[in-house]
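The structure appears below as structure tokens.
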Amino acid sequence: MSAVAVERRRALEALRAGVPNGDAVRALGSMQRGVEDHFSQLLDAVRALPGGPPAGGVLIGGDFGTGKSHVLEHLAHVALSEGFVVSKVVISKETPLHDPAKVYRAAIEQARVPGRPGSAIDEIASGLQEESSRYADLYHWAHHDPPVDSRFAATLFLHDYGRGDEEFTDRIVRFWAGDPLPVADLRRRLKEAGAAATYRLGAIKERDLSRQRFRFVSRLAQAAGHAGWVVLLDEAELIGRYTSLQRAKSYAEIARWVRGDRDDPGAPICAVLTTVSDFETTVLVGKHDADLIGKRLRAKGTVEDELLANQAETGMRIIEREQLLLQPPGREELDRTYAQLKQIHSEAFGWDPPDVPGLERLPSNRMRQYVRAWINEWDLRRLDPSYLPETSVSGLEVDLSTDSDLEGESTDDSSGET
């Protein structure tokens, strides 16, 4: 079997399963021009930093099966081709949106570096060039009143100073990736280097440290020659199943990702999040979040809860008013996709596929349903040319009821000397 045939078969199986891979995305693209244009503006905003407004992000809305994950995979390929480090994170029980530490860990583990197959943080660290102007900019930023803890300046100094000690250098890189690094060890190394008085190291909450890692590593990626960091957060609708407080924290995270990090507007990072288009009706209205979450938080009477209430309300307004909705496929797009898939099926199996009816073209049908129907019908006709298949579809509702199993353990409020 030729390499082209293997690639085409992989693409067909991915499209049939509704789980896009690189072959499927390369074959069909995103089929969402409006989203692509908005994403290009985000990448341009990152390139304009520092000096411009924060790049921020965008929230994409679409019904189940409309191709949100397919679009994200296409955007990942675009960003990689333009020199960005890219992370695609699926919000889940293990990676709740309200927990910055777990989101960061998932983002760095899933990160891809353009043209490099290895661990992203290792590739970034090995790509640092201390003599470059970009590294000088990073070093200056880290040492002159940055919006990050002094651990980052200290580890950057020690990474450069202690290059002969591979074990400790690797521990520094692991710290950048999210592992703990005891303050006692840092102080001892700084003392050995004669720099103990330069860096003041104290306790910090893990959630704050994780947010700061996003700021630092996005700049670290730039210093290694990359354009910045793109974070893609899929299936954010899962927050509808969290408890009320966890939903509030998640709405605040949506605001931070879409509006940009107000404490560090120059961070070369942008984000794309996806959710179901009826989240507002089901959760913000159905669970009365839009009316109650802010009131409940402010009733606690603390400055921290007042700040969380404001951020959560901003996140809910983004969901209500600023979703970039995926557009249903029009006739021209359906015709083009049908022709592309027919050609892919031909190259996959070395035959001339006949025309098949697929689904009746209705506004309620989704692109995934059309694609599956065409592929399945060609498969059946290839096995039995006389068979005339008929395809029917049924809806699938997304369950956004509260699920106590998703509460889990959070690292939001942990603190200490790491």
Worksheet item: If you go through region 89-112, how many residues are more than 20 Å from Asp179 (Cα to Cα) and of a type outside the set (Gly, Ala, Ser)?
Response: 3
Discussion item. So Arg321 passes all but one of these: (1) modelled with pLDDT of 75 or more; (2) closer than 26 Å to Gly29 by Cβ; (3) under 27 Å from the mean Cα position of the chain (by Cα). Which condition number does it fail?
Written reply: (2)
Discussion item. Residues that are under 28 Å from the mean Cα position of the chain (by Cα) and more than 24 Å from Ala111 (Cα to Cα): does region 150-157 have at least one?
Written reply: yes
Practice prompt. Mind telling me which of the residues Ser119, Ser150, Ser132 ends up being of a type in the set (Ser, Thr, Tyr) and either buried (at least 19 other Cβ atoms within 10 Å of the Cβ) or touching a residue at least 60 places away in the same chain (Cβ under 8 Å) (or both)?
Written response: Ser132
Discussion item. Based on this model, can you work out whether Gly56 counts as over 14 Å from the mean Cα position of the chain (by Cα) and either closer than 23 Å to Met316 by Cα or at pLDDT below 95 (or both)?
Written reply: no
Practice prompt. Identify, from the list Glu235, Glu253, Glu280, the residue that is of a type in the set (Asp, Glu), touching a helix residue (DSSP H, G or I) at 6+ places or on another chain (Cβ under 9 Å) and at positive phi.
Written response: Glu235
Worksheet item: Taking only pairs six or more apart or across chains, which ones have beta-carbon atoms under 8 Å, a first residue in region 318-341 that is assigned to a helix (DSSP H, G or I), and a second residue that is modelled with pLDDT under 95 and loosely packed, with under 15 Cβ neighbours inside 10 Å?
Response: Arg331/Arg361; Leu334/Arg361
Worksheet, complete the sentence: Of the listed residues (Asp278, Asp291), the one being over 30 Å from Phe216 (Cα atoms), touching a residue at least 40 places away in the same chain (Cβ under 8 Å), not polar (S, T, N, Q) and not assigned by TED's automatic domain parsing to the domain that holds Leu138 is Asp278
Worksheet item: Residues Ser92, Ser69: which one is under 13 Å from the mean Cα position of the chain (by Cα) and closer than 16 Å to Asp23 by Cβ?
Response: Ser69
Worksheet item: Can you find even one residue in region 300-309 that is acidic (Asp, Glu) and closer than 30 Å to Gln41 by Cβ?
Response: no
Worksheet item: Within the bounds of region 215-230, is there any residue that is touching a residue at least 24 places away in the same chain (Cβ under 8 Å), over 25 Å from the mean Cα position of the chain (by Cα) and more than 18 Å from Asp264 (Cβ to Cβ)?
Response: no
Response to the item:
Picked from region 83-105 (must be among the hydrophobic types (A, V, I, L, M, F, W, C) and either in a helix (DSSP H, G or I) or free of Cβ contacts under 8 Å to residues at least 60 places away in the same chain (or both)), the residue farthest from Ala227 (Cα to Cα) is Ala101
Fill in: Condition met for Phe168 (part of a helix (DSSP H, G or I) and out of contact with any Gly (no Cβ under 9 Å at 6 or more places or on another chain))
no
Fill in: Failed criterion for Glu82 (all others in (1) acidic (Asp, Glu); (2) farther than 20 Å from Gln212 by Cα; (3) out of contact with any Leu (no Cβ under 7 Å at 6 or more places or on another chain) hold)
(3)
Discussion item. I'm checking my understanding of the structure. Among residues of region 172-218 that are of a type in the set (Ser, Thr, Tyr) and closer than 30 Å to Leu232 by Cα, which one is surrounded by the most Cβ atoms within 10 Å (Cβ to Cβ)?
Written reply: Ser218
Discussion item. So, in region 307-348, how many residues would count as being touching a Pro at 6+ places or on another chain (Cβ under 8 Å) and surrounded by fewer than 16 Cβ atoms within 10 Å (Cβ to Cβ)?
Written reply: 1
Item to complete: Within region 233-255, identify whether any single residue is β-branched (Val, Ile, Thr), in contact with a strand residue (DSSP E or B) (Cβ under 7 Å, 6 or more places away or on another chain), part of a helix (DSSP H, G or I) and surrounded by fewer than 24 Cβ atoms within 10 Å (Cβ to Cβ), and answer yes or no.
Response: no
Worksheet item: If you go through region 156-165 one residue at a time, do you hit one that is outside any strand (DSSP E or B), under 30 Å from Leu238 (Cα atoms) and of a type outside the set (Asp, Glu)?
Response: no
Discussion item. Please go through region 256-297 and give me each residue that is hydrophobic (A, V, I, L, M, F, W, C) and in a helix (DSSP H, G or I), ordered by number.
Written reply: Trp257, Val258, Phe279, Val283, Leu284, Val285, Ala290, Leu292, Ile293, Leu297
Worksheet, complete the sentence: Filter region 10-53 for residues that are buried (at least 19 other Cβ atoms within 10 Å of the Cβ) and in contact with an Asp or Glu (Cβ under 7 Å, 6 or more places away or on another chain); the one that is modelled with the highest pLDDT is Leu43
Worksheet, complete the sentence: Exactly one of Ala106, Ala154 is modelled with pLDDT of 95 or more and touching a strand residue (DSSP E or B) at 6+ places or on another chain (Cβ under 9 Å), and that residue is Ala106
Item to complete: Could you grab the pairs with beta carbons closer than 6 Å, sequence gap of 6+ or different chains, first residue in region 32-55 and under 29 Å from Arg366 (Cα atoms), second one surrounded by 13 or more Cβ atoms within 10 Å (Cβ to Cβ) and hydroxyl-bearing (Ser, Thr, Tyr)?
Response: Glu36/Ser30
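The values are calculated or read from the model by the stated rules, or taken from the named source; none is laboratory data. No experiment lies behind these values; they were computed from the predicted model shown. Glycine also receives a Cβ, built like all others from the backbone with ideal geometry; neighbour counts cover every protein chain displayed.
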